[in-house]
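Visitor: Below are the C-alpha cells for one structure; questions will follow.
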Amino acid sequence: MKLDGLLSLFIACSEIVFIINILIFAVKNQVNKLIILLIILLFEYQLIEFLICFAGLQKQIIIYIALLSISLLPPLSLFTALTYDKKESSYNILIFLPALFFIVYYPFVIDRFAVTKCTVLYASYHYPLGDLYGIFYYLPIIATMIVLYRKWKAEYQTKQHSLTSIYLFGYLFTFLPSMIIVLAFPSLIKAVESLLCKFAFILAAFLTYFALNNKIKQT
C-alpha cells in the first residue's frame, strides 16, 4: 500500500479545521486575519505535497505552486509579528521583495524543477538557486522569533500577562526541533522546507489557540 503523502493529507485536514475554527470563533482583527492567511498557505502546501507524492502529480507547474506557497510563509510570518507588535509601517511591505523575486524568476527556469524524493514524512525537490533561496527563507523566520522574543521580554519585565508567550512558543517548538533534526541528519537538508512545513503543524495549532484568544477589536 502506497503511504507517501498521507501524512501531508492528515496535516492538511487538521489545518482546514483550524482555519474553520478561527473563521467562526475568532475576533476578526488584523492579526487574526493574517494568521488565517498563514495557516491557509500551510494547508495549501500540505495538500499539494499530498497530490505530488500520493497522486503522482509531479509536473513542474505543481512544484512551482508548492514553492510559491512556502515562499510567502516567512515574510508573512514576519509581517504578522510586526503587526502584532504594533510596528506597522508602509516599508514593511518590502519584506516580501525576496519572495517576489523567486516567484517571478522561477517560471523562467521551471523546466529545471523536479521532485527528487517522496516519503511518508517528507518530499524533496530540485530547483535553481537553492542555497540563495534558503538564506532568504530562514532570515524572516529568525527575525520573527527575535521580534516576538523582544515583545515577550518587555511584557515579562513589566509583569504584563498576554498571549505573546503562546505566539513565541509556537515558533520555538516548531523551528528549533526541526533545525536540530536537520543538523543531526545533514542528508535531510534537501527536504528541509518540507520538514519545516510538517513541524509547522505545531505552529498552526499554537496560532489557532492564539487567534481564538486574541480578543483585541479591529481599530
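Visitor: Just checking, how many residues over segment 18-49 are open to solvent by less than 30 Å² (accessible area, probe 1.4 Å) and assigned to a helix (DSSP H, G or I)?
Guide: Counting residues in segment 18-49 that are open to solvent by less than 30 Å² (accessible area, probe 1.4 Å) and assigned to a helix (DSSP H, G or I) gives 15.
To keep it simple, each residue is scored yes or no on (1) without any contact (Cβ under 8 Å) to a residue 12 or more places away in the chain; (2) of a type in the set (A, V, I, L, M).
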{"position": "V17", "(1), (2)": "yes, yes"}
{"position": "I22", "(1), (2)": "no, yes"}
{"position": "Q30", "(1), (2)": "no, no"}
{"position": "L37", "(1), (2)": "no, yes"}
{"position": "I40", "(1), (2)": "no, yes"}
{"position": "E49", "(1), (2)": "no, no"}
{"position": "A55", "(1), (2)": "no, yes"}
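Visitor: Looking only at segment 182-213, count every residue that is in contact with a Leu (Cβ under 6 Å, 6 or more places away or on another chain) and either farther than 22 Å from V120 by Cβ or not in a helix (DSSP H, G or I) (or both) and tell me the total.
Guide: Matching residues across segment 182-213 total 2.
Visitor: Okay, next question. Restricting to segment 182-200, name every residue that is open to solvent by 60 Å² or more (accessible area, probe 1.4 Å) and in contact with a helix residue (DSSP H, G or I) (Cβ under 7 Å, 6 or more places away or on another chain).
Guide: Going residue by residue through segment 182-200, those that are open to solvent by 60 Å² or more (accessible area, probe 1.4 Å) are 183-187, 189-190.
Correct list: I189 only.
Visitor: How many of the residues making up segment 74-125 are part of a loop (DSSP other than H, G, I, E, B) and either closer than 29 Å to F210 by Cα or open to solvent by less than 20 Å² (accessible area, probe 1.4 Å) (or both)?
Guide: Quick first cut of segment 74-125, residues part of a loop (DSSP other than H, G, I, E, B) only: 85-89, 113, 119-122.
Then keep just the ones that are either closer than 29 Å to F210 by Cα or open to solvent by less than 20 Å² (accessible area, probe 1.4 Å) (or both); that gives 85-89, 113, 121-122.
Result for segment 74-125: 8.
The values are calculated or read from the model by the stated rules, or taken from the named source; none is laboratory data. These numbers come from a predicted model, not from an experiment. As a convention, Cβ positions derive from the backbone with ideal geometry for all residues, glycine included, and neighbour counts pool all protein chains shown. Only protein heavy atoms, including side chains, enter the accessible area calculation; ligands, DNA and RNA are left aside. Shrake-Rupley method; radii C 1.70, N 1.55, O 1.52, S 1.80 Å.
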